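*Asks:* Encoded as structure tokens, here's the structure I'll be asking about.
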Amino acid sequence: MSPRRWVLAAVLLVLLVAVGVVALARGDDVVAPTRRGVAQDKPGPVLLVPGYGGGTGGLEQLAARLRAAGRTATVVALPGNGTGDLRVQAGALALAARAALAAGAPSVDVVGYSAGGVVARLWARSDGGAKVARRVVTLGSPHHGTSLAVLGAALDPGACRAACQQLMPGSDVLTSLDRGDETPAGPRWVSIWTDQDQVVTPPDSSRLAGALDVVVQSVCRGRPVDHGALPTDAVVQGLVLRMLGPGPPSAPSAADCAQLSRG
């Protein structure tokens, strides 16, 4: 090779190395390929995450509906009665998911009710959940906070526990979750909510960027479903079953209302 070609080759090598260093620093996809999620056509067990206060009554009814449809469904017990640090609660969900996988499950589906939907997002982002979740469905979850938490803290600061404080709009936890991609790659995301919610205020705080967004009243016009009724309402239960099916989640329409209402 001539000296001139040696020089050109050396310059090209230096440029390639420089591009590689910049790409590593930026985290470009050419260096870190996009990760694929688990198989979507092989549903695993369903883990249901309670909301603030840890009450399980409504979710147990939803779990029973899932079991009647042939699914394995478990309501996750949360530490601190569901009022403690949401990040600690995400750890409890991580333990339940690991137990299901250790028992041979190919993946897990997660249904997070109210604050449980925020717990599911924390688990997906920080506890490896996005690598093992097939679907994540949230029900009336205050993804961007609720003014009710602010009011509660103002009226009785001592009663507004850690989770309550973290559900205030602009909290460190929510700001971190909502920065960048709200729905980490891997699972399919669905947010189901009601425009009659009086706990998640405003109700559209349940909108989640990157998720399939389903408002109950867009399917069944004027249907009376408040926050507490979300896990037990026949239409909502039917929507959850449909979203957790083997096929990809798809937006329902008003034409589906009658069938969903029959339960």
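Readers should treat all values here as calculations from the given coordinates under stated rules, not as data from a laboratory. What you see is a predicted model, and the numbers here were worked out from it, not measured in a lab. All Cβ positions, glycine included, derive from the backbone under ideal geometry; neighbour counts span all protein chains shown.
*Asks:* Looking at 127, 213, 181, 204, which one is free of Cβ contacts under 8 Å to residues at least 60 places away in the same chain and farther than 21 Å from residue 37 by Cβ?
*Replies:* Values: 127 fails: farther than 21 Å from residue 37 by Cβ; 213 fails: farther than 21 Å from residue 37 by Cβ; 181 fails: farther than 21 Å from residue 37 by Cβ.
Sole residue among the options that is free of Cβ contacts under 8 Å to residues at least 60 places away in the same chain and farther than 21 Å from residue 37 by Cβ: 204.
*Asks:* Only one of (1) touching a residue at least 40 places away in the same chain (Cβ under 8 Å); (2) surrounded by fewer than 22 Cβ atoms within 10 Å (Cβ to Cβ); (3) among the hydrophobic types (A, V, I, L, M, F, W, C); (4) not in a loop (DSSP other than H, G, I, E, B) fails for residue 190. Which number is that?
*Replies:* Single failed check for residue 190: (2).
*Asks:* With respect to residue 153, is the statement that it is touching a Cys at 6+ places or on another chain (Cβ under 8 Å), among the aliphatic types (A, V, I, L, M), surrounded by fewer than 24 Cβ atoms within 10 Å (Cβ to Cβ) and free of Cβ contacts under 8 Å to residues at least 24 places away in the same chain true?
*Replies:* Details: touching a Cys at 6+ places or on another chain (Cβ under 8 Å): yes; among the aliphatic types (A, V, I, L, M): yes; surrounded by fewer than 24 Cβ atoms within 10 Å (Cβ to Cβ): yes; free of Cβ contacts under 8 Å to residues at least 24 places away in the same chain: yes.
Against the criterion (touching a Cys at 6+ places or on another chain (Cβ under 8 Å), among the aliphatic types (A, V, I, L, M), surrounded by fewer than 24 Cβ atoms within 10 Å (Cβ to Cβ) and free of Cβ contacts under 8 Å to residues at least 24 places away in the same chain), residue 153 qualifies.
*Asks:* While we're here: Can you tell me which residue is nearest to residue 197 (Cα to Cα) among those in segment 210-231 that are part of a loop (DSSP other than H, G, I, E, B) and in contact with a helix residue (DSSP H, G or I) (Cβ under 8 Å, 6 or more places away or on another chain)? Before you say what the answer is, go through the steps one by one.
*Replies:* Step one: of segment 210-231, the residues part of a loop (DSSP other than H, G, I, E, B) are 210-211, 220-226, 230-231.
When the remaining residues are screened for being in contact with a helix residue (DSSP H, G or I) (Cβ under 8 Å, 6 or more places away or on another chain), the result is 220-221, 223, 225, 230-231.
Details: 220: 15, 221: 15, 223: 12, 225: 8, 230: 9, 231: 13 Å.
Residue satisfying both the conditions and the ranking: 225.
*Asks:* Any residue in segment 230-254 that is under 26 Å from residue 37 (Cβ atoms) sitting within a Cβ distance under 7 Å of a residue that is among the acidic types (Asp, Glu) and in a loop (DSSP other than H, G, I, E, B)? List the pairs, counting only those 6 or more apart or interchain.
*Replies:* Correct list of pairs: 246/41.
*Asks:* With the structure loaded, tell me whether residue 195 is farther than 16 Å from residue 137 by Cβ and out of contact with any strand residue (DSSP E or B) (no Cβ under 7 Å at 6 or more places or on another chain) or whether it fails that test. Give the steps one after another, and end with the answer.
*Replies:* On the way: farther than 16 Å from residue 137 by Cβ: yes; out of contact with any strand residue (DSSP E or B) (no Cβ under 7 Å at 6 or more places or on another chain): no.
Against the criterion (farther than 16 Å from residue 137 by Cβ and out of contact with any strand residue (DSSP E or B) (no Cβ under 7 Å at 6 or more places or on another chain)), residue 195 does not qualify.
*Asks:* Kindly provide the set of residues from segment 231-263 that are of a type in the set (A, V, I, L, M, F, W, C) and either more than 20 Å from residue 221 (Cβ to Cβ) or crowded, with 17+ Cβ neighbours inside 10 Å (or both), ordered by number.
*Replies:* Within segment 231-263, the first condition is being of a type in the set (A, V, I, L, M, F, W, C), and the residues that meet it are 234-236, 239-241, 243-244, 251, 254-255, 257-258, 260.
235, 236, 239, 240, 241, 243, 244, 257, 260, listed by residue number.
*Asks:* Please verify whether residue 252 is under 28 Å from residue 42 (Cα atoms), over 18 Å from the mean Cα position of the chain (by Cα) and not in a helix (DSSP H, G or I), treating the condition exactly as stated.
*Replies:* Working: under 28 Å from residue 42 (Cα atoms): yes; over 18 Å from the mean Cα position of the chain (by Cα): yes; not in a helix (DSSP H, G or I): yes.
Criteria met by residue 252.
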